[in-house]
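Quick notes on the structure that follows.
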Amino acid sequence: MTSLELMTEEVQVWVASLDVTDQRYDALARLLPSEEKKRAESLTPIAARRFVVARGILRTLLSGFTGTSAEKLRFNYGISGKPSLVDRDDIHFNISHSAELALFAFSPDRPVGVDVENERPVRRLLDVAQRFMSDDELRTLVDTAPDERDAAFLKAWVVREARLKAEGKGVWSGSEHTNPRPNLTHKLFAPRPRYIAAIAAPDSDWRLYTCAMKD
């Protein structure tokens, strides 16, 4: 990939499809180290293919930003599994995917969190909301018209998850009842039709730029 550039006070979100040709899949799979390939082997076939594509695209983008070949990039992982580059503190990134769409967020000067969900009916919506959402969020959801409740839930979910991920946490990490720090700000956006996403980062002086990768 050609050289990419990040500006301070900027968050870039790259939007990419995980539905790729076999030729593209093979090229991306060659970028992954053995431990990531082994992780893919533990997943179902569909999930494994999407994992490989997402990790290959992440490595491709990071290579463009850092100038390091995609195959040589090495990751550290936080308590909740959030990756960061070994020996690099000049680029922060996060990834999320739902169905066949993936988002890749990057910033040069602050941690970022991103989350995306495809619009769909949510099973046991109120049960899930009661476990993971604050009392205020739950009351708002209960007061929402039933035919609008799925969309409202997904919006609240992506915001909460993006904010937690910006802190290196996650909904499934045991931090479901932890309130993210107040200086985080977030933006909601629709990366593609029938998808809802949120991006979060500290402070409010950052701009969001979205970029579409060619399928």
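Some observations on this one:
- Candidate set: the stretch 15-41, residues that are within 18 Å of residue 117 (Cα to Cα) and of a type in the set (A, V, I, L, M); chosen: the one surrounded by the fewest Cβ atoms within 10 Å (Cβ to Cβ): 15
- Odd one out for residue 141 among (1) more than 23 Å from residue 81 (Cα to Cα); (2) at pLDDT 90 or above; (3) open to solvent by 30 Å² or more (accessible area, probe 1.4 Å); (4) assigned to a helix (DSSP H, G or I): (3)
- If you go through the stretch 75-86 and keep only what is without any contact (Cβ under 8 Å) to a residue 60 or more places away in the chain and surrounded by 11 or more Cβ atoms within 10 Å (Cβ to Cβ), you end up with 75, 76, 83, 84, 85.
- The listed residues are 128, 112, and the only one of them that is touching a strand residue (DSSP E or B) at 6+ places or on another chain (Cβ under 6 Å), β-branched (Val, Ile, Thr) and either closer than 16 Å to residue 188 by Cα or open to solvent by 30 Å² or more (accessible area, probe 1.4 Å) (or both) turns out to be 112.
- Checklist (1) open to solvent by 20 Å² or more (accessible area, probe 1.4 Å); (2) touching a residue at least 12 places away in the same chain (Cβ under 8 Å); (3) of a type outside the set (D, E, K, R) applied to residue 44, failing item: (2)
- Filter result for residue 164 (part of a helix (DSSP H, G or I), of a type in the set (A, V, I, L, M, F, W, C) and open to solvent by less than 50 Å² (accessible area, probe 1.4 Å)): yes
- Filtered by the rule that a residue be charged (D, E, K, R) and either surrounded by 10 or more Cβ atoms within 10 Å (Cβ to Cβ) or in contact with a Gly (Cβ under 6 Å, 6 or more places away or on another chain) (or both), the stretch 2-14 gives 9, 10.
- Among residues of the stretch 143-165 that are among the basic types (Lys, Arg), those with a beta-carbon under 8 Å from a residue that is part of a helix (DSSP H, G or I) at least six positions away or on a different chain give the pairs 149/125; 149/141; 160/132; 160/137; 160/171.
- Identity of the residue in the stretch 60-75, touching a Ser or Thr at 6+ places or on another chain (Cβ under 9 Å) and assigned to a helix (DSSP H, G or I), that ends up farthest from residue 97 (Cα to Cα): 72
- Of everything in the stretch 29-77 that is closer than 17 Å to residue 92 by Cβ and of a type in the set (S, T, N, Q), the residue that is farthest from the chain's Cα centre (by Cα) is 68.
The values are calculated or read from the model by the stated rules, or taken from the named source; none is laboratory data. A quick note: this is a predicted structure, and the numbers were derived from the prediction, not measured. Note that we place each Cβ from the backbone using ideal geometry, even for glycine, and neighbour counts take in every protein chain shown. Keep in mind that these areas ignore ligands, DNA and RNA; they rest on the heavy atoms of the full protein, side chains included. Shrake-Rupley method; radii C 1.70, N 1.55, O 1.52, S 1.80 Å.
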